1. From the backbone phi of segment 122-132, what are the Karplus-calculated ³J(HN,Hα) couplings (6.51 cos²θ - 1.76 cosθ + 1.60, θ = phi - 60°) in whole Hz, Gly and Pro given as x?
2. Note down the relative contact order for segment 402-521 as a percent, whole number, built from C-alpha pairs under 8 angstrom at least six residues apart.
3. Once you order the gyration tensor axes a ≥ b ≥ c over the Cα atoms, which shape class does segment 363-503 get: rounded for a/c under 1.5, otherwise prolate or oblate by comparing a/b with b/c?
4. Looking at this model, which pairs from LYS72/LYS332; LYS329/LYS409; LYS472/LYS497 are more than 24 angstrom apart at the alpha-carbon?
5. Determine the dipole magnitude for segment 7-108: charges of +1 sit on the beta-carbon of Lys and Arg, -1 on that of Asp and Glu, nothing else is charged, the reference point is the Cα centre, and the result goes in debye to the nearest 20.
6. Fewest to most neighbouring Cβ within 10 Å: what's the order for ARG125, ARG464, ARG173?
7. Using a cut-off of 15 Å between beta-carbons, work out the net charge of the residues near HIS490 (Lys and Arg +1, Asp and Glu -1, HIS490 not included).
8. Could you work out the relative contact order of the chain, using alpha carbon pairs under 8 angstrom and six or more residues apart, expressed as a whole percent?
Amino acid sequence: MDAPARRILWVDDEIDMLKPHIIFLEQKGFEIGTASGGEEAIDRLKDSSFDLVLLDEMMLGMDGLETLGEIKELDPSLPVVMVTKSEEEELMNDALGKRIDDFLIKPVKPTQVFLAIKRILDGRRLLRDQLAQTYAQEFNELRSRLMGPLDWEEWIQLYLRLVNWDIELDRFRDPGLRQTHSDLEQSANVEFARYMVDVYHDWVNGAEGSPPLSVDIFKTYVAPRLKAKEKVYFVVLDCMRLDHWLSLQPSLEPFFNITNHFYYSILPTATPYSRNALFSGLYPIELTNHFPDLWKRPQKDEYSKNRYERQLMDIQLKRHGIRLSPEHKYVKIYEKDEADNVRRQMSSMHEHQFVSLVYNFVDILSHSRSESEILQEIAPDEPAFRSLVRSWFNHSALYHIIAEMARQKATVVLTTDHGAVLGRRAALVRGNRETSTNLRYKFGSNLGCDEKETFLIKVPSEYRLPSDGPSKQYAIAKEDYYFVYPTEFHRYERQYKGSFQHGGISLEEMILPCAVMLPRT
């Protein structure tokens with residue numbers, strides 16, 4: 001069977017004058033789509049898949065460089081050849097900075113265009129073949145690593161390798177390689193869940209050689225810098241996974257020298273537990289024992305338990321003997337208007353030695369995707385969602401806020417409270433009407449669940465979790481399972497399948513970045 005014709009999109013505001021060139025390329029076996037401007041090109045790329053774009057540099061409306069930027073936001077791996085009348089070095093540098101693949105100087109001959117296309121696409125085919133061979137070797141090595149015992153540092157290194165391959169595979173549309181890698185990640189999560197069930201109890205009880213956990217982040221990465229009189233911003237980007245951070249990091253490297261550290265979220269990997277641990281430096285049971293008024297809310301109202309982050313941080317500062325004048329400033333951002341307001345007020349924060357900032361966008365985006373058909377179409381899978389997060393960040397107020405932090409010569413400690421996993425399999429759980437409603441973890445009395453799919457904590461206090469009575473238990477979902485009650489099981493199974501969720505045990509939720517960013521001088 002013949003291979004499908006490779007598809008080229010030619011963007012030019014005088015596209016009708018290029019008909020002879022298009023006919024020539026079609027005779028060479030290419031399928032040619034056309035657009036008479038940047039806006040039309042972006043619309044076509046959203047609706048259809050192309051192998052390469054020929055892009056005119058001088059166009060009315062959205063010019064070539066603007067269009068190039070939008071194309072790379074949609075698909076960073078899509079090759080682009082810019083066609084221009086200019087040979088100015090500055091233009092070429094701008095285009096190269098936005099990852100142009102080649103230049104053609106007008107007037108162009110059909111054979112020049114053909115050779116440029118062939119060189120790029122054939123070169124990419126060779127790179128794809130080489131990538132497949134390299135991945136096959138890496139796959140075998142990673143599979144063998146999963147068969148042997150791994151400690152917590154080795155799990156971080158293995159997950160880093162998986163994530164780097166995730167991002168590398170974004171460059172090439174190879175469904176076979178992507179599926180193979182997805183299967184490997186699923187196998188890794190099976191072994192990781194087994195490991196966590198074995199070691200988590202020891203970790204939270206301070207066993208020697210335990211990894212850094214949520215409760216350790218402030219005292220390890222922030223407190224020493226405040227004691228040294230550095231100006232510090234502590235930025236928590238809610239629900240940011242490691243792969244998201246590695247996709248965002250290149251955008252901040254012009255402003256900062258960045259060192260990545262890694263830590264494990266406490267369980268459940270959910271905002272009321274993991275983020276309160278970041279701000280207080282305490283486990284949930286310690287919060288309930290020492291600060292009952294901060295935690296005293298109805299059980300159903302889980303998210304209200306994060307209303308006291310500023311107070312918890314103030315208490316943690318006092319515990320570490322850190323006195324600030326002016327006092328610590330705390331900022332939480334939910335909406336675009338709030339972000340724009342903070343951006344305008346950044347100059348006034350210069351006087352504060354320590355500012356903590358929580359940005360909730362990624363978490364909101366994850367939850368909104370479950371309810372929006374448009375978002376599900378835009379980001380149907382993890383690579384697309386990763387691209388959406390990167391596109392949002394590069395156009396967000398947060399990007400400019402962090403850039404201003406660099407201009408203030410401040411150190412930025414940027415982290416997250418937990419990640420999220422794509423829920424693919426429903427797990428049956430039984431409980432009474434007082435049982436919590438979360439999809440990846442439950443707490444209640446006498447929970448019924450399959451321990452192959454669930455980490456059942458029968459004595460919460462042994463895991464530094466609060467207990468409201470002798471029969472309270474926690475059920476933590478493993479791998480990519482999500483909890484569904486027996487009533488209308490199939491309805492809710494369909495509703496939540498393919499949604500991003502957090503609260504359970506997976507590499508994506510538990511192994512998290514903590515980036516220490518020093519402003520470039």
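Readers should treat all values here as calculations from the given coordinates under stated rules, not as data from a laboratory. Fair warning: this is a prediction, and the values are worked out from it, not measured in the lab. All Cβ positions, even for glycine, are placed from backbone atoms using ideal geometry, and neighbour counts span all protein chains on display.
1. Taking θ as phi minus 60°, the curve returns 5, x, 5, 5, 5, 5, 5, 5, 5, 4, 4 Hz for segment 122-132.
2. Rounded, it is 42 percent for segment 402-521.
3. Oblate, since a/c reaches 1.5 and b/c is not below a/b.
4. From LYS72/LYS332; LYS329/LYS409; LYS472/LYS497, over 24 Å: LYS72/LYS332; LYS472/LYS497.
5. Its charge dipole is roughly 420 debye.
6. Fewest to most other Cβ atoms nearby, the residues stand as ARG125, ARG173, ARG464.
7. Once all neighbours under 15 Å are counted, the net charge is +2.
8. RCO, the chain: 17 percent.
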